[in-house]
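Have a look at the structure below before the remarks.
What follows is calculated from the coordinates using simple rules that are stated; it is not laboratory data. What you see is a predicted model, and the numbers here were worked out from it, not measured in a lab. With ideal geometry, Cβ positions are generated from the backbone for all residues, glycine too; neighbour counts draw on all protein chains shown.
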Amino acid sequence: MKQSDAYRVAFGRACASPTVIERLGEPIRGGWFLQGDIQLTNDDGVANISFPLSGPKGEATAYVVARKTGGRWHFRSLIVAMDDRRREIDLSDPEYQHNRPGT
């Protein structure tokens, strides 16, 4: 599953986030264990996955819920949760963020 475009796009978004970089340091690495499910049909699909991230300053887990339409992934939820449990970084697509509880 680490070869899937859902993982690669989510991992790339996490690695490009200034807030994630600040919390984890660079380089950010993806862990070996990817959990969840990805289902694809042609250019459409769904992903519900999680994977570990680490950097010189700490560790985190990325939680992803996404839909692929027309060949493009849309992240309904892309949360990077720090392992110290003190902070979550929301990298979800903006069109979904206004529908989230508490926002």
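What the table below lists for this structure:
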| read-out | value |
| --- | --- |
| Cα long-axis angle, helix 5-16 against the chain (0 to 90 degrees, to the nearest 10) | 30 degrees |
| Along the chain, longest interval not containing exposed trypsin sites (Lys or Arg not before Pro), exposed being DSSP loop plus at most 15 other Cβ atoms within 10 Å | 3-56 |
| The chain: radius of gyration over Cα atoms, expressed as a fraction of 2.2 N^0.38 Å | 1.04 |
| Net lengthening on full extension, Asp83/Arg8 (0.36 nm per residue, minus Cα-Cα) | 24.9 nm |
| Lys, Arg +1 and Asp, Glu -1 on Cβ, resulting dipole of the stretch 5-97 about Cα centre, debye, nearest 20 | 120 debye |
| Computed helical MRE - 222 nm, the chain, DSSP H runs ≥ 4 contributing -39500 (n - 2.57), nearest 500 | -6000 deg cm²/dmol |
| Along the chain, longest interval not containing exposed chymotrypsin sites (Phe, Trp or Tyr not before Pro), exposed being DSSP loop plus at most 12 other Cβ atoms within 10 Å | 34-103 |
| Full-stretch length increase - Thr41, Ile21 - with 0.36 nm per residue and alpha-carbon distance subtracted | 3.8 nm |
